[in-house]
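To start, the structure under review is shown below, and the notes come after it.
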Amino acid sequence: MSKLTLKTEGDRHVVVVRRFAASPEAVYRAHTEPKLIQKWMLGPEGWTMPACICEARPGGRIRYEWADGKGGGFHLTGEFIAVEPFSRLVHVERMHVPDVTPDNRIETRFEADGAGTLMTMRMTLPDAASRAAMLATGMEHGMEASYVRLESMN
């Protein structure tokens, strides 16, 4: 099993890389089909995603709502910029925690890697302060918990 790696580039970029033991088509579908997203993109144990909109087409809307089961939660909104089935997604997202964060432009690539997929996600923030605030959340722990859940679905 692979764990994600996270590195920074310059003062505005974050690059997350992870390998999955599934085809690019399967990993892409898990990132674009609402019924699949709601099963794995949950972060730490105990969280759920009661609402999921993911219109995987240029201009399509994104809205994910998470709940912690204790009355707390947050949501994300965004739009797709580019969609290349099974290989590349580009979207912009904003977290509402509860104040809205600056736009985060994300390009995600899904590349065949042996019998699996190498996923590379490159995030571009508007400035160094926005990137620092995002990294201070410990987001990589929730991301990895979600990715472990995704791998168990295959």
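Tabulated data for the structure shown
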{"read-out": "Max mean-square fluctuation residue, GNM over the chain, Cα-Cα springs under 10 Å, options Asp11, Asp99, Asp113", "value": "Asp99"}
{"read-out": "Farthest toward positive dipole pole in the chain [+1 Lys/Arg, -1 Asp/Glu at C-beta], among Ala112, His96, His141", "value": "Ala112"}
{"read-out": "Accessible heavy-atom area order of Met95, Met123, highest first, probe of 1.4 Å", "value": "Met95, Met123"}
{"read-out": "Solvent accessible area, Å² - Met134, 1.4 Å probe, full protein context", "value": "30"}
{"read-out": "Only Lys, Arg (+1) and Asp, Glu (-1) charged, at Cβ; the stretch 1-142 dipole about Cα centre in debye", "value": "200"}
{"read-out": "Straight-distance crosslink candidates among lysines, where the alpha carbon sits under 29 Å from Lys7 and sequence neighbours closer than 8 are dropped", "value": "Lys39"}
{"read-out": "For the stretch 140-151, 3J(HN,Hα) per residue [Karplus equation, 6.51 cos²θ - 1.76 cosθ + 1.60, θ = phi - 60°, Hz, x = Gly/Pro]", "value": "5, 5, x, 4, 5, 4, 5, 5, 4, 4, 4, 4"}
{"read-out": "Cα-centred dipole magnitude for the stretch 17-73, charges only on beta-carbon of K, R (+1) and D, E (-1), debye, nearest 20", "value": "120"}
{"read-out": "CD proxy at 222 nm, helix term only [per DSSP H run n ≥ 4: -39500 (n - 2.57); per residue of the chain; nearest 500]", "value": "-7500 deg cm²/dmol"}
{"read-out": "Net charge over other residues, Cβ less than 14 angstrom from the Cβ of Glu144 (K, R count +1; D, E count -1)", "value": "+1"}
{"read-out": "Quotient of C-alpha Rg and 2.2 N^0.38 Å, computed over the stretch 22-154", "value": "1.02"}
{"read-out": "Exposure ranking of Lys35, Lys7 by accessible area [1.4 Å probe, largest first]", "value": "Lys35, Lys7"}
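The values are calculated or read from the model by the stated rules, or taken from the named source; none is laboratory data. Everything numeric in this text was worked out from a predicted model, so none of it was measured. Glycine gets a Cβ as well: all are built from the backbone with ideal geometry, and neighbour counts include every protein chain shown. SASA here: full protein model, heavy atoms, side chains in, ligands and nucleic acids out. Shrake-Rupley method; radii C 1.70, N 1.55, O 1.52, S 1.80 Å.
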